[in-house]
Every structure is written in structure tokens, then in C-alpha cells.
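In what follows, a single structure is set out as C-alpha cells and then discussed.
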Amino acid sequence: MPISQRAIEVHSLIFCPYDDPTTELKNTYDDWLLLPSKKPVIVLPPVRTNFVEVMGMNGTLDTSGILDTSTQVYENKKPTYGMRESSIEFYIPEYKQNVTFESLKRSIASFLHGKNLSVKLASDPNYYYRGRWEVNEAHTDEHWSMITIDYHLEPPAYSVSNPGVDTGTL
């Protein structure tokens, strides 16, 4: 079954400056013709937990929210989160005129590798995520060229309408 142009566009990533989600710098499909191997997903951040074994106590003592000083009531303490870390794999079609795999890889790496950027999913453009990006792997075989991009993003999903403010949205 052929993939529609709209489905491809909806599954692209839109890169923006770190502190400005309204200025779109690059789109994985429009600028590089990258096709995701599956629908791109920004993973949820892991919950940071800390459980302490206490002699004479059944179970463990959960001290996970102990650093939250906004409330004295333990049940109301907010969890803390680690970084969102995962990768997204893209196919690189061979039909872009006058662009070799190596030159496209260099272009993507020059833009992304080691940089702090914001990203929006084209399928969810009202939220963006901030963090560091890496080109992990780029390779070709007899049928496809592929590139894998890793991300290490801050825990919050920021609202484009309220940039830079952590509203507690995951």
C-alpha cells in the first residue's frame, strides 16, 4: 500500500532554536526527505525514585519526593523526572537530485550533532521539547540508506503558546 504525502509530512520532526519554538529551522521531510521507519515518538521521562530499606520496617521507605519543598504533606509531593532519551530511525530515499548519501549525512550532522535544539512533532505542533541531539548511526545497504538520530531531552513538554515555562505537562 503506497504511503500518502500527507502521512509522510505528519510524521516529520520540526527543529527550532532552543528557546524559540515558533522559528522553524529544519523539517526532517521538507528539508532532507527523511522517512521515519515508524511514527516518531518522544518518550516519557523516567520517574526518579529512591527507596530505602529500613530495618524493622515492612517494605521500603519511599524518599523519592523528599526534595520537593512546595508542600509538607508527603502524599502531595511531586515526582522528579530524568531526561527523555531514545532514538528515531529514518530511511533516506535515493531520489533526491544531486545529493549523495555522504553529503546528506554531513548536512544533517552539521545541523544536529551535539547541538541543543527544540523539536516539535508535526503530528503535535502545540508542544515542543528541548535538548541535545546526536547522529548515532548512518549506513547503507543494497536497498536503503538509513540514519539514526538520538535525543536527550528535558522532562517537560513545553507549550508553544507559553514558551519556556514548565507547566508540569509530560
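The values are calculated or read from the model by the stated rules, or taken from the named source; none is laboratory data. Treat the numbers as computed from the prediction; the structure is a model and nothing was measured. Positions of Cβ are backbone-derived with ideal geometry, glycine not excepted, and every protein chain shown enters the neighbour counts.
Observations on the structure shown:
- Test: residue 135 is out of contact with any Asp or Glu (no Cβ under 6 Å at 6 or more places or on another chain) and outside any strand (DSSP E or B): no
- Neighbours by Cβ (under 8 Å, 6+ apart or cross-chain): first from segment 1-21, assigned to a helix (DSSP H, G or I); second modelled with pLDDT of 90 or more and among the aromatic types (Phe, Trp, Tyr): 8/29; 9/29
- Extreme residue, surrounded by the fewest Cβ atoms within 10 Å (Cβ to Cβ), among residues of segment 22-53 that are part of a loop (DSSP other than H, G, I, E, B) and charged (D, E, K, R): 38
- Residue 7 fulfils the conditions (1) more than 21 Å from residue 156 (Cβ to Cβ); (2) at pLDDT 75 or above except for a single criterion, (2).
- Residue 101 surrounded by 14 or more Cβ atoms within 10 Å (Cβ to Cβ) and out of contact with any Lys or Arg (no Cβ under 8 Å at 6 or more places or on another chain): yes
- Selection from segment 31-86 of residues that are polar (S, T, N, Q), under 27 Å from the mean Cα position of the chain (by Cα) and at pLDDT below 85: 49, 50, 64, 80
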